[in-house]
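Notes follow the structure.
Rule-based calculations on the coordinates, nothing more; no lab input. Since this is a predicted model, take the numbers as computed values, not measurements. Neighbour counts are summed over all protein chains in view; Cβ atoms, including those assigned to glycine, are modelled from backbone coordinates with ideal geometry.
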Number of protein chains: 2
Amino acid sequence: MKVFASIAAAATLIVFAAPASAQFAKPEDAIKYRQSALSVMGTHFGRIGAMANGKVPFDAKAASDNAEIVAEMAKLPWVAFGPGTDKGGNTKAKPEIWTEQVKFKEGSDKLVAESAKLAAAAKTGNLDALKTAFTATADTCKTCHDAYRNK
Amino acid sequence: MKVFASIAAAATLIVFAAPASAQFAKPEDAIKYRQSALSVMGTHFGRIGAMANGKVPFDAKAASDNAEIVAEMAKLPWVAFGPGTDKGGNTKAKPEIWTEQVKFKEGSDKLVAESAKLAAAAKTGNLDALKTAFTATADTCKTCHDAYRNK
């Protein structure tokens, strides 16, 4: 029975681990996917930053459109940091992502939450609200990049 | 007055042409952006295809989630095919994109429309509806890839 229980436990682990990695045929595919999603997000986030920092004139509609995309893109990359995707492509991901899974998940959850707040702030059309939310979101990006991304 | 009208016409052209290219500092940035957006879209579209083609079991919730992302991603890449972005990065884009702008726009509009239909079909939870919409969307991808993407 003990052996049986171990097999059952192992099977459960495999089932739970499967969805994250099984979505990508190869580690390279996962790496390309997460880099692509983060790149698209970064482009739109940068456009909000340009307005928040006064480099381009504030356009409430554009800010809101960009923030909506950021909030949607922010949900995507994390599933592609599954087991075995630490190597295989041209990745800057640090090994700590896989040894500090709880902390990494907290960071990605925080980005999803902050970018949703950013989208809500952008929708108000108030530049000061946008600036505050932009800074909070940018801090979230930086915290994770410092901890989990090689230069 | 004739010169004036020409200048005015030219200025109008510049104003209308500006948003597409001005969003990216360099052609490389535009190329990376559109490739990233298309890559993310392709990943999610491929997951629907695996279900439509019976390679993985049909999961109505997963199909709908993926189709929603496809429909959103389908709107993004086209602005990054602006003037001057035909060269600069590792692009497979054919020059015809810039000489057949009306036809290219028709193709991208069709993808946006078909992927919206795909998302609606996925939401019904009906596999046959999903298959039909998947095929229509895939045909739209193929038509443009054949015409506008180098192998």
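Below, the figures for the structure above:
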| item | result |
| --- | --- |
| Rounded FRET efficiency, nearest 0.05, which uses the C-beta distance separating A:A138 from B:N53 and R0 of 35 Å | 0.25 |
| Projected label distance in nm at B:A60 and A:E106, using a 7 Å step from Cα toward the beta-carbon | 3.9 |
| Crossing angle, helix B:2-22 versus chain B [Cα axis fit, 0-90 degrees, rounded to tens] | 30 |
| Longest to shortest principal axis, alpha-carbon extents of the protein assembly as shown, angstrom | 96, 45, 35 |
| Shortest-first nm distances, B:K123 label point to equivalent points in other copies (7 Å, Cα→Cβ) | 1.7 |
| Cut-off under 5 Å, modelled amide H: who pairs with B:A93 long-range | B:N150 |
| Average beta-carbon neighbours from other chains, 10 Å sphere, peptide A:69-76 | 3 |
| Shielding score for A:37-45, defined as the mean number of other chain Cβ atoms within 10 Å | 5 |
| Fraction in percent of alpha-carbon pairs per bin - 5 Å, the stretch A:34-105 | 3, 15, 21, 17, 14, 12, 10, 6, 2 |
| Within the protein assembly as shown, helix-based [θ] at 222 nm, where runs of 4 or more DSSP H residues each add -39,500 (n - 2.57), nearest 500 | -25000 deg cm²/dmol |
| At q = 0.13 Å⁻¹, base-10 log of I(q)/I(0) for the stretch A:105-151 (Debye sum, equal scatterers on each alpha carbon) | -0.31 |
| Relative contact order for chain A, counting Cα pairs under 8 Å that sit 6 or more residues apart, in percent | 28 |
| Set B:K117/B:K142; A:K26/B:K94; A:K110/A:K131; B:K75/B:K110; A:K26/A:K87 screened for pairs whose C-alpha atoms are more than 20 Å apart | A:K26/B:K94 |
| Pairwise FRET efficiency - B:D146 versus B:K87, Cβ, R0 = 25 Å, nearest 0.05 | 0.70 |
| Neighbour net charge for A:F24 - beta-carbon separation under 12 angstrom, K R +1, D E -1 | +2 |
| Burial ordering of A:Y148, A:Y33, fewest other beta-carbon atoms within 10 Å first | A:Y148, A:Y33 |
| Contact order normalised by residue count of the stretch B:64-146, Cα under 8 Å, 6+ apart, percent | 37 |
| Where rotation carries B onto A, the chain B residue whose Cβ is nearest that axis, in whole Å | B:S36, 2 |
| Descending semi-axes in Å of the stretch A:31-151, equivalent ellipsoid built from Cα gyration tensor | 28, 13, 12 |
| Calculated label separations, B:R149, copies of the chain, 7 Å along the beta-carbon direction, nm | 2.6 |
